[in-house]
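Notes to accompany the following structure.
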Amino acid sequence: MTPVTRREVLGLYRKIFKIAKKWQSASGQIEETIKEKEYIKNEAKTLFRKNKNVTDPKLIKQYIEECEARIEIGLHYNIPYPRPIHLPPMGLAHKQGRTLRHQEKLRKISKPIYLKSHDEVS
């Protein structure tokens, strides 16, 4: 990891904890606010620790973009949790064969960047 990349990653980590410190839930309830603050902190710790040994520059860049996207979406919607995606259900596919594999591939490709790490951890 280059010094510039390291500085960028540590800056994102600090930014997340500053956001968590100032976070107010949309409902305004104290219990919700505390719960959401803890979620933000725990999610950041989990994902940053999971990826601390990544050395591939392309993968690091992807994780940085994912982090920035999740920050922006969380601040915009005032929801710390990842936003769900709405893809067509796979109910029309046969239970086996090429059609199912093709639909699974399309679902994986169409998944937004901000959900890739979330699904790996949860």
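The values are calculated or read from the model by the stated rules, or taken from the named source; none is laboratory data. Predicted, not measured: the structure shown is a model, and the values here were computed from it. Note that each Cβ is placed from the backbone with ideal geometry, even for glycine, and that neighbours are counted across all protein chains shown. Heavy atoms of the whole protein, side chains included, go into the accessibility calculation; ligands, DNA and RNA do not. Shrake-Rupley method; radii C 1.70, N 1.55, O 1.52, S 1.80 Å.
When the residues of segment 47-60 are narrowed to those that are surrounded by 12 or more Cβ atoms within 10 Å (Cβ to Cβ) and more than 15 Å from PRO80 (Cα to Cα), which ends up nearest to the chain's Cα centre (by Cα)? If you could, list the steps in order and put the result at the bottom.
Pass one, segment 47-60, residues surrounded by 12 or more Cβ atoms within 10 Å (Cβ to Cβ): 47-48, 50-51, 54, 60.
Now narrow it down to the ones that are more than 15 Å from PRO80 (Cα to Cα): 48, 50-51, 54, 60.
Numbers: PHE48: 11, LYS50: 13, ASN51: 13, VAL54: 17, ILE60: 14 Å.
Checked segment 47-60; the qualifying residue nearest to the chain's Cα centre (by Cα) is PHE48.
Every residue, every condition in (1) aliphatic (A, V, I, L, M); (2) at pLDDT 90 or above; (3) within 11 Å of the chain's Cα centre (by Cα), yes or no:
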{"position": "TYR39", "(1), (2), (3)": "no, yes, no"}
{"position": "GLY91", "(1), (2), (3)": "no, no, no"}
{"position": "HIS102", "(1), (2), (3)": "no, no, no"}
{"position": "LYS108", "(1), (2), (3)": "no, no, no"}
{"position": "TYR114", "(1), (2), (3)": "no, no, yes"}
{"position": "VAL121", "(1), (2), (3)": "yes, no, yes"}
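Output the residues belonging to segment 12-31 that are under 20 Å from the mean Cα position of the chain (by Cα) and open to solvent by 30 Å² or more (accessible area, probe 1.4 Å).
Once the filter is applied, which keeps residues that are under 20 Å from the mean Cα position of the chain (by Cα) and open to solvent by 30 Å² or more (accessible area, probe 1.4 Å), segment 12-31 yields TYR13, ARG14, LYS15, PHE17, LYS18, ILE19, LYS21, LYS22, GLN24, ALA26.
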